[in-house]
Amino acid sequence: MNAPRIKSVTPLRERRLLVTFVNGIQKVYDCQRLLSLDRFQLLRNEAFFKAVKVDPGGYGVSWNDAMDLSEYELWANGVEVERSAVEKQEAPPPQLANA
């Protein structure tokens, strides 16, 4: 199975990634299960986790030269979502206006 390349990646709360593929499909990938692996321990650091970027050509995402995920992993194990559903979950609570 060929996975489409990645267009963009956005870090979400609770160590999840919103991945947009070039075909327009968006999937949420849960990185929580990776935290039990030695190789992915740095993902526990929120600032490091948020520094995720798409690899050149869209063949995966990475945090540094040693820590990455392939487009196949993200496509096969991500959960397809609609953009509006993710935006509602991730939106900060509304601020009360000063009266």
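Reported count of residues in region 1-58, each being among the hydroxyl-bearing types (Ser, Thr, Tyr) and in contact (Cβ under 8 Å) with a residue 12 or more places away in the chain, is 3. Is it fair to say residue 51 is under 13 Å from residue 12 (Cα atoms), surrounded by fewer than 16 Cβ atoms within 10 Å (Cβ to Cβ) and of a type in the set (A, V, I, L, M)? Answer is yes for this residue.
None of the figures in this text is laboratory data; all of them are computed from the coordinates on show. This one's a predicted model, so the numbers in the text were calculated from it and none came from an experiment. Neighbour counts are summed over all protein chains in view; Cβ atoms, including those assigned to glycine, are modelled from backbone coordinates with ideal geometry.
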